[in-house]
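The values are calculated or read from the model by the stated rules, or taken from the named source; none is laboratory data. Since the structure is predicted, the reported quantities are computational estimates derived from the model, not experimental observations. Here the Cβ positions follow ideal geometry from the backbone for every residue, glycine too, while neighbour counts run over all protein chains shown. Areas reflect the complete protein model, heavy atoms only, side chains present, ligands, DNA and RNA absent. Shrake-Rupley method; radii C 1.70, N 1.55, O 1.52, S 1.80 Å.
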Amino acid sequence: MSQDAMRERVNAVRDRIAAACARAGRDPSEVSLLPVSKTFPVDAIREAMALGFDAFGENRPQELASKAQALEASYLRWVAIGQVQTNKAKDIAQWASELQSLDRLSLAQALQRRLEPLERTLDVLVQVKTSPEDTKSGVEPEELVPFLKSLESYPNLRLKGLMTMAVLSEDEQAVRACFRQLRQCRDDAVAQGIDANRLKTLSMGMSGDMELAIEEGSTQIRVGSAIFGGRS
Ligand SMILES: *Cc1c(COP(=O)(O)O)cnc(C)c1O
């Protein structure tokens, strides 16, 4: 894709964010845009860097690690957004700045053990299961508060918020309900004593459903195909 084509795509996404914010009475500065570069080559990431992006979402730890090494720009933030097997914790600890798909304590423990000797910290979002689909992982909403409390035992993990993936459905109400549930989970957790400053980020919404997510309170959308094009 040419630089101009990517710029046009990014502008179109920004227009969609602005329109959704206008409908919801929100300020567009409340919604950050995380480009998801999974499956796209480093040249595409360089084009996005030239447009001012400095953080990229990747869903496979090994791909994240190899792109981080190929690009070598120390100001880049690599954000892991996909399921992480415990034996891949090392790649995340070494190369990622943030993990949005923290879904179990065994992974938190593996990350802590890997981060300590590297003297690194990792920003984390806890993925919440808001959709009945088996393919969607995450902490069950009713188990979230104890889970968040348990994270206090891992000093190299910095809790920043929650993430979810909505059900894949044509039914707008079903998709919207997933996003609404994540926001409710945040509100419930704060009411039950979790520091609101540790739950500022609600990462929800992708290329196909960002408007609904923004209307339901998203503070970060993760956008792949609407910026980089279709994935094969
Ligand atoms: C791929 C992916 C996205 C982006 O999806 P698009 O539909 O390409 O915008 C967002 N979040 C997660 C967790 C993903 O795996």
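Listing for the model above:
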item	result
Added length on full extension, which subtracts the Cα-Cα distance from 0.36 nm per residue, residue 153 to residue 137	3.5 nm
Given charges at Cβ of Lys, Arg, Asp, Glu: the range 3-227 dipole, positive-most of 117, 84, 202	117
Computed lengthening from residue 86 to residue 43, 0.36 nm per intervening residue step minus Cα-Cα distance	12.5 nm
Separation between Cα centres of the range 39-72 and the range 185-212, rounded to whole Å	26 Å
Calculated from backbone phi, Karplus (6.51, -1.76, 1.60) coupling profile of the range 169-176 in Hz, x at Gly/Pro	7, 7, 7, 4, 5, 5, 5, 4
Accessible area of the range 1-46 belonging to carbon and sulfur atoms, whole % at 1.4 Å probe	49 percent
Positive-end extreme of charge dipole, the chain - chosen from 230, 94, 56 (charges on Cβ)	94
For the chain: accessible area per residue (Å², 1.4 Å)	48 Å²
Portion, in percent, of the accessible area of the range 50-162 that falls on carbon or sulfur, probe 1.4 Å	42 percent
Spin-label pair residue 62/residue 75, simplified geometry with 7 Å Cα→Cβ offset, distance in nm	3.2 nm
Candidates per chymotrypsin sites (Phe, Trp or Tyr not before Pro) in the range 73-161, loop by DSSP, up to 12 other Cβ within 10 Å	75
Theoretical gain in end-to-end length, residue 15 to residue 173 [0.36 nm per residue, Cα-Cα removed]	54.6 nm
Net dipole in debye of the chain [+1 Lys, Arg Cβ; -1 Asp, Glu Cβ; about Cα centre; nearest 20]	460 debye
GluC sites (Glu not before Pro) within the range 129-185: DSSP coil, no more than 11 neighbouring Cβ in 10 Å	170
Antiparallel %, DSSP beta bridges [both residues in the chain], to 5	0 percent
Electrostatic dipole magnitude of the range 96-232 [Cβ: Lys, Arg +1; Asp, Glu -1; Cα centre; debye, to 20]	540 debye
Where labels lie 7 Å past Cα in the beta-carbon direction, separation of residue 105 and residue 32 in nm	2.9 nm
Å³ per residue enclosed by the Cα convex hull of the chain	125 Å³
